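Reading through the structure tokens given below for one structure.
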Amino acid sequence: MRLTNKALLAFVISNVGFVLGQNATVNVDACPGYNATNISNTRNGFKADLVLAGKACNVYGKDYERLSLTVTYETDNRIHLKITDPSNSRYEVPESVFPRPKSWDGNRDSPNINFRYTKSPFSFSITRKSTNEVLFNTTGYPLVFEPQYLRVKTALPTNANIYGLGEHTNSFRLPPENTVRTLWNRDAYGVAN
């Protein structure tokens, strides 16, 4: 499948005053992203350190210098990708509210989806094994990870069906061409023009 349209999934976790008060004119595509180091296999995936690959962009705050990456195959059809700041704890939804699979009896070489990555600069893709259909691909788009801003960009196929992604006043089905979606951590929304 050929990917032609680009969409940006930007998750800005902040309040309006902070975001508007920062330099939003920085070209985030020029940010350095991260390099994967200390990669080691686990029973159902792998883990790695992500180290800032160059001078920080500091788009909406200070870029984290070092991150932890954990990739876990939870079932034959589900991968759990987790990127965190290893030096600070953060709130996570308790397992009593959102239970995750406890174990997987399969081999990470036999799931129905594949996770591939590039070490430098770090990027990843998730594909369906049977058809090689690209489900998610960050190749060519640097990861930006800041205390109140997370940017993950992917390419989408023509006429992709995207629904949801937070509260908004747009139509239920989101347009796949250059869509930016902002999610707030409190009820301080903006109304679309």
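Determine, yes or no, whether R100 is loosely packed, with under 13 Cβ neighbours inside 10 Å and in contact (Cβ under 8 Å) with a residue 24 or more places away in the chain.
So R100 passes the test.
Would you check which residues across the range 119-139 are surrounded by 14 or more Cβ atoms within 10 Å (Cβ to Cβ), under 24 Å from T84 (Cβ atoms) and modelled with pLDDT of 90 or more and list them?
P121, F122, S123, F124, S125, I126, N137, T138, T139
Would you be able to say whether some residue in the range 6-21 is touching a strand residue (DSSP E or B) at 6+ places or on another chain (Cβ under 6 Å), open to solvent by 60 Å² or more (accessible area, probe 1.4 Å), of a type outside the set (G, A, S) and modelled with pLDDT under 90?
yes
Whether any residue in the range 30-41 is touching a helix residue (DSSP H, G or I) at 6+ places or on another chain (Cβ under 9 Å), modelled with pLDDT under 90 and closer than 26 Å to L156 by Cα is what I want to check.
Within the range 30-41, none of the residues are touching a helix residue (DSSP H, G or I) at 6+ places or on another chain (Cβ under 9 Å), modelled with pLDDT under 90 and closer than 26 Å to L156 by Cα.
Among the residues of the range 164-174, which ones are over 23 Å from G140 (Cβ atoms) and modelled with pLDDT of 75 or more?
Here is the first cut: in the range 164-174, the residues over 23 Å from G140 (Cβ atoms) are 164, 166-173.
Selection gives S171, F172, R173.
For the range 33-63, which positions are outside any strand (DSSP E or B) and open to solvent by 50 Å² or more (accessible area, probe 1.4 Å)?
Of everything in the range 33-63, those that are outside any strand (DSSP E or B) and open to solvent by 50 Å² or more (accessible area, probe 1.4 Å) turn out to be R43, K55, N58, K62.
The values are calculated or read from the model by the stated rules, or taken from the named source; none is laboratory data. If you're wondering where the values come from, they're calculated on a predicted model, not measured in any experiment. Please note: Cβ atoms are built from the backbone with ideal geometry, for glycine as well, and neighbour counts cover all protein chains shown. To get the accessible areas, we keep the full protein, side chains included, count just its heavy atoms, and leave off ligands, DNA and RNA. Shrake-Rupley method; radii C 1.70, N 1.55, O 1.52, S 1.80 Å.
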